[in-house]
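The values are calculated or read from the model by the stated rules, or taken from the named source; none is laboratory data. Computed from a predicted model, the values in this text were never measured in an experiment. Here the Cβ positions follow ideal geometry from the backbone for every residue, glycine too, while neighbour counts run over all protein chains shown. For accessibility, only protein heavy atoms count, side chains too; no ligands or nucleic acids. Shrake-Rupley method; radii C 1.70, N 1.55, O 1.52, S 1.80 Å.
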Amino acid sequence: MIPVQKRNEPVDFVEKVTKKADAFLRKMPNPAKKDIDARPLWRNALDDLYEAYEEACAYSGLWFHRDAVSVDHFIPVNDIWRMNPKAAYEWDNFRLASRSMNTEKGNHRDVADPFHIGPAWFVIDFPSMLVKSGSDLAPTDKAKVDATIRRLKLNNIEKKYITYRRKLIRYYSDMVGEWGEIEPAFAHLRKMAPFIASELERQALTEKIVEMMKPRKKP
């Protein structure tokens, strides 16, 4: 996960979502969770969310096809319906998430908000591709990062997230080796895996990782 800059609400969001949500809440000012779930107007904003956040999942920092993403409520609907039902339909509460990440996060509140984290809160260990907490974090921030890594299962082999990260870094290394140039390969990596690209830059490994990923010769 890397810091995500919050994007402005689309100009047509009011027509697509807000007015319809207001009409619903006027008729049912105190909806139960099942009533909110039955009116998933946030889906009307998915295409705009996908474009605004450059097709990258906010939690994994990886590109996903449009069919593999969803609208995550950072404050879950489980909590919203008790406090402020309107928040179920507010752009600022939406995060673009892969369907798998959205499922892992579920209704839990122990996941860090990508809108409110700092640089190097989450780091990648190369070449293992394990996600870890940054070394200079305050105890409360480190606890939040560690809880997020566990909750989202970022390092679980069976969930294949780490396998996907390894595949992407190998593909990047192979492209650099084939083309003999860093920039075009890195531009592709930045699109497919902004988290990995950001960490390679921060750790000054954009070139060194190619050597690190070469198979070791048998003695």
Whole-Å distance linking the alpha carbon centroid of segment 141-170 with that of segment 1-16 is 26
Computed from every Cα-Cα pair in the chain, P(r) in 5 Å bins starting at 0 and rounded to whole percents is 1, 7, 14, 17, 17, 15, 11, 8, 5, 3, 2, 1, 0, 0, 0
Looks like segment 94-175, by Cα gyration tensor root eigenvalues a ≥ b ≥ c and the a/c under 1.5 rounded cutoff (else prolate when a/b is bigger than b/c, oblate otherwise), is oblate
Counting only protein heavy atoms and leaving out ligands, DNA and RNA, the solvent-accessible surface of E9 at a 1.4 Å probe, in Å² to the nearest 10, equals 90
Taking a crude spin-label model, label points 7 Å out from Cα along the C-beta direction, the K214 to N30 distance in nm is 7.0
Once the in-chain neighbours fewer than 8 apart are removed, the aspartates and glutamates whose Cα is under 12 Å from K19 read E90
SASA check, W179, accessible area w/ 1.4 Å probe, all protein chains in place, rounded to nearest 10 Å², comes out at 120
When the charge dipole of segment 148-203 is computed with +1 at the Cβ of Lys and Arg and -1 at the Cβ of Asp and Glu, the Cα pointing farthest to the positive end, of L152, Y164, F186, is that of L152
Residue-normalised 222 nm signal for the chain, counting each DSSP H run of n ≥ 4 as -39,500 (n - 2.57), nearest 500 deg cm²/dmol, is -12000 deg cm²/dmol
With every protein chain in place, the accessible area of R190 for a 1.4 Å probe, in Å² rounded to the nearest 10, comes to 110
If every Lys and Arg gets +1 and every Asp and Glu gets -1 at its Cβ, then about the Cα centre the chain yields a dipole, in debye to the nearest 20, of 880
Among K6/K33; K142/K167; K105/K144; K33/K144; K105/K153, the pairs whose Cα-Cα distance exceeds 18 Å are K6/K33; K142/K167; K33/K144
